[in-house]
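Contents: one structure, followed by commentary.
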Amino acid sequence: MLPRLFSFKGGVKPQTHKASSVQLPIGQAPLPARLYVPLHQSIGGQPNPLVEAGDRVGKGQLIGGADGWMSAAVHAPTSGTVLAVEDHLAAHPSGLPTLTVVLEPDGRDEWVERTPVDHRRLAPERVRELLRDAGVVGLGGAVFPSHAKLTAAETVPVDELVINGAECEPYMSCDDLLMRERSDEIVRGIAIFRDLLAARRVLIGIEDNKPEAVLAMQQAVAQLGEDYQVVAVPTRYPAGGAKQLIRVLTGKEVPASKRSTDLGVQCFNVATVYTAWRALACGEPVISRIVTLTGNLEQPRNWEVRLGTPLRELVALGKPKADTNRYLMGGPMMGFELPSLDAPVVKATNCVIAASPTMFPPNPPEMPCIRCGACAEVCPHELQPFELYWFARARNFGKTQEYHIFDCIECGCCSYVCPSHIPLVQYFRFAKSEIWSRERDKNAADAAKARFELRNAREEREQAEKAERLARAAAARAADKKAAATAAVAAAAAAESGAPATAVAATGPTAAAGSPISAPANAPRPATPATAGDAEAIKKATIVAAMERARAQREAVQPKNTEQLSSEQKRQIAAVEARRAAPPARAEAQATSAAAAGSSLPETPDRTGD
Amino acid sequence: MIITLAIMALGAVVLGAALGYASIKFRVEGDPLVEKIEAILPQTQCGQCGYPGCKPYATAISAGEAEINLCPPGGMDGVRKLADLLGREVKPLEAEEKPRQVAIIDEQTCIGCTLCIQACPVDAIVGAAKQMHTIIEPLCTGCELCVKPCPVECISMQPIAEKLDNWKWKYPVIEIKRAA
């Protein structure tokens, strides 16, 4: 029985251009001479490098450990030697560098030990951890760590698990071919996500312009005896957006401030499901992905490419035509122009399009907005792009937020239909990143203010404490003086009464000398009567003991937050330690001279108290 | 006539009492305007405005003692926001507008005198006497207060480099249609 389908508002129907790249099966891209594996390939924290230059790594070895929960690990795509861990151009519109592991393959392509597991025998937490450490992220292009999406909302059980095979972007066909050729593993992989989320129903949504993929998936589902529904959804861009596909398949509309799990739905891309299956059932982490190489080429095709392959080598496989002038990563609607072909293939690289001026003519000049409302009609999130444009252009960011700019998925429908050729999405991206940057600045300013106030409070407190200490010392000194005076008076009285010896012995040398002394009042007095020379010796001994204690304390303190240093930092530390250890004699001489001078150092602020 | 007067007098007394009670009960602690001004200031605590921190400057602005264009880290953007808030006229910034900077200690030259630590208003420098000091970059507000006290001139101000985490999409460049 076919389920009832719903429809989302808006959307466009651009030419799909998918036919050319599905003629050939998925090809295995050859091993390149060098691999540039960026550490930061997913949303969340940047993984920490676990290798250094000169290390030998095996295929699938962990080279970047996930940084906290919201991060995903990175692995060596083949066996070989690490040449460097350094900054290299990122596959990002900015053309800025990012920390990258440069790997020279040895050609043997030897796996490290793989440990297949059965997810049904493991605790759900363990499965999520395994997925994170296998680097499983959303391969539809958003690269959101998958394990972080695998927790159901506490109050709402997951009714539907939506598997996204819609692939609505023009030119792209990597998911299509994956479903045609590896439907079996995708269907097996769905079980992992279904079990983790305890989903009642699984819906696989595929656009109806991919009948072969629908058929392959249906056959695989039937063969494995699962009760998943494979649904052909009408072809309309952006049907492959998570919220749009959920709307089409389930009729549920995810509100702006909520997640789909709050409504009992979760959505995963087919390629993500495939990699999750490989990660658990074969023990193979994500080290390659399928990339559609298409556009102005002699031989458009889908390739299984190792992550880190320089795009130059990948593009050469498709034999670009002579008039190719630029390359796009991602589709023509949401993708961006690559700054250079030196950038590597990353987990987000689903498609590379060679573009020529005839294929993608340069944008006609921007004309004034005539407020025709065409953009609002096609916006799948029912926003009003012409209003957003107006405010973004005027840098009135507060207003853009009032008009819900953060609900914009940057699908590009509005720019596509705009009769004035206004690059609307560019304005929205500009406004969003400007808002984020201001938020960062604001948070930094608030934190700075808090630290400033804390510091002021601390200084006041320290001053008050010092004043109190001084007052106490003065009071003690005065009391001491008074006591000495009374003792002297008593001694005089005693001498008169005829018992001088005991009195002198009792009051000690200070009273006997007849001079009330200003020895530190709170310093422990020697129990036995001592001479002035002895007092000096005791003082010295106390200083030596204090220094000894300080040294012991220093040694007892273990350096912290040094567990995850890079090799470069470790080397620097080792060099510094060596330098410090070399002339111990000089350091000691300094220490004693400092002690003799009575510590001429300025007072060190105490940071540990706050 | 008497009754009318009595009613008016009674009304005045009752309303006066209510207002007096409200002014005690719903008293606002601190000056809300100062807080609003302070929220706009960049909290570098640099003192470049001539006041010993952002709050004193905000207080001075609210009292009408200070101009709104004395904060170089806030830039023209800050001046505009203050002008908006206070209904004053936008004035050009007194000083030159600089890009955001952070202080960097040359750790080879540092002698560990702790003077910069005492100067830093936001506790962004770590170190101890005769030990190397270093600046915690994300906490540094770029106020330059640590530069002067350093006896060996090992602190320099460097503009914040553009990285992937702070990169921003640029304002779309509008092509002007060429006249034929």
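Looking across region B:44-57, the residues that are more than 11 Å from chain A (Cβ to nearest Cβ) and open to solvent by less than 50 Å² (accessible area, probe 1.4 Å) come down to B:47, B:49, B:56, B:57.
I'm checking my understanding of the structure. Among residues of region B:142-167 that are without any contact (Cβ under 8 Å) to a residue 60 or more places away in the chain and either open to solvent by 70 Å² or more (accessible area, probe 1.4 Å) or among the aromatic types (Phe, Trp, Tyr) (or both), which one is nearest to the other protein chains (Cβ to nearest Cβ)?
Going through region B:142-167, the residues without any contact (Cβ under 8 Å) to a residue 60 or more places away in the chain turn out to be B:146-158, B:161-167.
Checking the rest, the ones that are also either open to solvent by 70 Å² or more (accessible area, probe 1.4 Å) or among the aromatic types (Phe, Trp, Tyr) (or both) come to B:148, B:151, B:153, B:158, B:162-163, B:165, B:167.
Details: B:148: 16, B:151: 11, B:153: 18, B:158: 17, B:162: 6, B:163: 6, B:165: 9, B:167: 5 Å.
Here the residue is B:167.
Can you find a residue in region A:407-417 that is in contact with a strand residue (DSSP E or B) (Cβ under 8 Å, 6 or more places away or on another chain) and open to solvent by 40 Å² or more (accessible area, probe 1.4 Å)? Among the residues of region A:407-417, at least one is in contact with a strand residue (DSSP E or B) (Cβ under 8 Å, 6 or more places away or on another chain) and open to solvent by 40 Å² or more (accessible area, probe 1.4 Å), which makes the answer yes. Number of residues in region A:427-447 that are more than 24 Å from residue B:54 (Cα to Cα) and more than 8 Å from chain B (Cβ to nearest Cβ) equals 2. Restricting attention to region A:468-490 and to residues that are open to solvent by 60 Å² or more (accessible area, probe 1.4 Å) and either within 30 Å of residue B:56 (Cα to Cα) or among the charged types (D, E, K, R) (or both), the residue that is farthest from the other protein chains (Cβ to nearest Cβ) turns out to be A:482.
Considering only region B:107-139, state which residues are in a loop (DSSP other than H, G, I, E, B) and either touching a helix residue (DSSP H, G or I) at 6+ places or on another chain (Cβ under 7 Å) or among the hydroxyl-bearing types (Ser, Thr, Tyr) (or both).
B:109, B:114, B:121, B:122, B:123, B:124, B:127, B:133
Yes/no matrix, rows are residues, columns are (1) of a type in the set (A, V, I, L, M, F, W, C); (2) assigned by TED's automatic domain parsing to the domain that holds residue A:135:
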residue	(1), (2)
A:329	yes, yes
A:333	yes, yes
A:340	no, yes
A:343	yes, yes
A:347	no, yes
A:369	yes, no
A:373	no, no
A:377	no, no
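Checking each residue in region B:60-82 for being open to solvent by less than 80 Å² (accessible area, probe 1.4 Å), not in a loop (DSSP other than H, G, I, E, B) and either not small (Gly, Ala, Ser) or not assigned by TED's automatic domain parsing to the domain that holds residue B:45 (or both) picks out B:61, B:76, B:77, B:79, B:82.
Here's the yes/no breakdown for (1) of a type in the set (A, V, I, L, M); (2) over 22 Å from residue A:14 (Cβ atoms); (3) surrounded by fewer than 23 Cβ atoms within 10 Å (Cβ to Cβ):
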position: A:223; (1), (2), (3): no, yes, yes
position: A:234; (1), (2), (3): no, no, yes
position: A:237; (1), (2), (3): no, no, no
position: A:254; (1), (2), (3): yes, yes, yes
position: A:257; (1), (2), (3): no, yes, yes
position: A:261; (1), (2), (3): no, yes, yes
position: A:264; (1), (2), (3): no, yes, yes
position: A:268; (1), (2), (3): no, yes, no
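Limited to region B:114-141, what total is found for residues that are among the hydroxyl-bearing types (Ser, Thr, Tyr) and surrounded by 17 or more Cβ atoms within 10 Å (Cβ to Cβ)? Adding up the residues that qualify gives 2.
Given A:64, A:80, which one is surrounded by 20 or more Cβ atoms within 10 Å (Cβ to Cβ) and either farther than 26 Å from residue A:317 by Cβ or of a type in the set (Ser, Thr, Tyr) (or both)? Break it down into steps so the answer makes sense when it comes.
Values: A:80 fails: either farther than 26 Å from residue A:317 by Cβ or of a type in the set (Ser, Thr, Tyr) (or both).
Result: A:64 is the single residue among A:64, A:80 that is surrounded by 20 or more Cβ atoms within 10 Å (Cβ to Cβ) and either farther than 26 Å from residue A:317 by Cβ or of a type in the set (Ser, Thr, Tyr) (or both).
The values are calculated or read from the model by the stated rules, or taken from the named source; none is laboratory data. What you are looking at is a predicted structure, and each value in this text was computed from that prediction instead of being measured. With ideal geometry, Cβ positions are generated from the backbone for all residues, glycine too; neighbour counts draw on all protein chains shown. With ligands, DNA and RNA removed, areas are computed over all heavy atoms of the protein, side chains included. Shrake-Rupley method; radii C 1.70, N 1.55, O 1.52, S 1.80 Å.
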